[in-house]
1. Considering only residues that are open to solvent by less than 70 Å² (accessible area, probe 1.4 Å) and modelled with pLDDT under 75, look in the stretch 5-34 and name the one that is farthest from the chain's Cα centre (by Cα).
2. Filter the stretch 214-241 for residues that are at pLDDT below 90 and among the basic types (Lys, Arg); which is surrounded by the most Cβ atoms within 10 Å (Cβ to Cβ)?
3. Out of the residues in the stretch 201-220 that are free of Cβ contacts under 8 Å to residues at least 24 places away in the same chain and either among the basic types (Lys, Arg) or in a loop (DSSP other than H, G, I, E, B) (or both), state the one that is farthest from residue 34 (Cα to Cα).
4. Spot the failing condition for residue 67; the list is (1) at pLDDT below 90; (2) farther than 25 Å from residue 215 by Cβ; (3) crowded, with 20+ Cβ neighbours inside 10 Å, and only one is missed.
5. Under 6 Å between Cβ atoms, which residue pairs at least 6 apart in sequence (or on different chains) link something in the stretch 159-184 that is more than 17 Å from residue 82 (Cβ to Cβ) with a partner that is part of a helix (DSSP H, G or I) and charged (D, E, K, R)?
6. Which one is surrounded by the fewest Cβ atoms within 10 Å (Cβ to Cβ) among residues in the stretch 118-141 that are over 30 Å from residue 85 (Cα atoms) and touching a Lys or Arg at 6+ places or on another chain (Cβ under 8 Å)?
7. Could you check, for the stretch 37-48, whether at least one of its residues is without any contact (Cβ under 8 Å) to a residue 60 or more places away in the chain and either within 25 Å of residue 126 (Cβ to Cβ) or in a loop (DSSP other than H, G, I, E, B) (or both)?
8. Could you check residue 34 against (1) touching a residue at least 24 places away in the same chain (Cβ under 8 Å); (2) under 28 Å from residue 195 (Cβ atoms); (3) of a type in the set (A, V, I, L, M); (4) assigned to a helix (DSSP H, G or I) and say which number it fails?
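The values are calculated or read from the model by the stated rules, or taken from the named source; none is laboratory data. Just so we're clear, the structure is a prediction, and the values are computed from it rather than from any experiment. Ideal geometry is used to build each Cβ from the backbone, glycine not excepted, and the neighbour counts take in all protein chains shown. Note: accessible area is taken over every heavy atom of the protein model, side chains too, but ligands, DNA and RNA are not part of it. Shrake-Rupley method; radii C 1.70, N 1.55, O 1.52, S 1.80 Å.
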Amino acid sequence: MRINSASIQNWILPVAALAAWEILGRAGLLPRYLSTPSAILAALWEIALTGELFVALAASLYRVSVGFALGTAAGIVVGLGAGILPGVRHFFDPLVSFLYSIPKVTFLPIFLLLFGLGHASKIAIIAFSGFFPVFVASRHAVLSVDKLLLWAARNMVAPSRTIFFRVVIPAAAPQLFGGIRIGLAHAFVVLFAAELIGSKAGLGTIIAYGEEWVRFDLMFAGVVCFAVLGFLSDRMLLAIRSRLLKGQMIGTEEEIVR
């Protein structure tokens, strides 16, 4: 694996911040609630030895993956339909505009009443939250497809199905993946909130336990797990996008930065 100077520069500030955090913490210059990185790692090792960490990771990963998949699938299907069919667009546009600005966590009590305290309520609220950014991105992506591409395809007497799958979907895919990425971030935010209420397992439960018993090292350990899980999920999504959109990202600003 080739390591270039840009990659090294990207790690200088985080490593320096962690080193300063550790040194200041050991010197007693930081508040008690700000556990040092070494204490956080020790807490992670502690719950890993008991197996609690892996149970929590499995529960959280199951909830976020299923909820994200359901919300993304619904958002893509309905969003593409809204972009193509005026009737679907006129029905969903006012509804989405009304609900989009409302924090989706406020609907959690409703989902708890409907689905109980188990996995179902967490998965449902995650899917509900992820639906909106994916729907908006899908709808906008279809409506933004270059009309010249559609005109050229129709002039070649291409069937509607061929135009949709060979012209509309590839042209809309970059924007669509942008919405999926936002939906993934929403999924983790809502997962944390959902696991704080009536959950017996999950990373949010570890954080709540650490706060309740004044185990700040344990609380930060849960936060670190959330961050790592979200980061790896985002990297995986970007890798899938790069593979599926191979050639479409060449020359873009994001590809150059990466």
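1. 6
2. Only one residue fits best here, namely 241.
3. It comes out as 213.
4. Exception for residue 67: condition (1).
5. 177/241
6. 119
7. No, because not a single residue in the stretch 37-48 is without any contact (Cβ under 8 Å) to a residue 60 or more places away in the chain and either within 25 Å of residue 126 (Cβ to Cβ) or in a loop (DSSP other than H, G, I, E, B) (or both).
8. (4) is the only condition that residue 34 fails.
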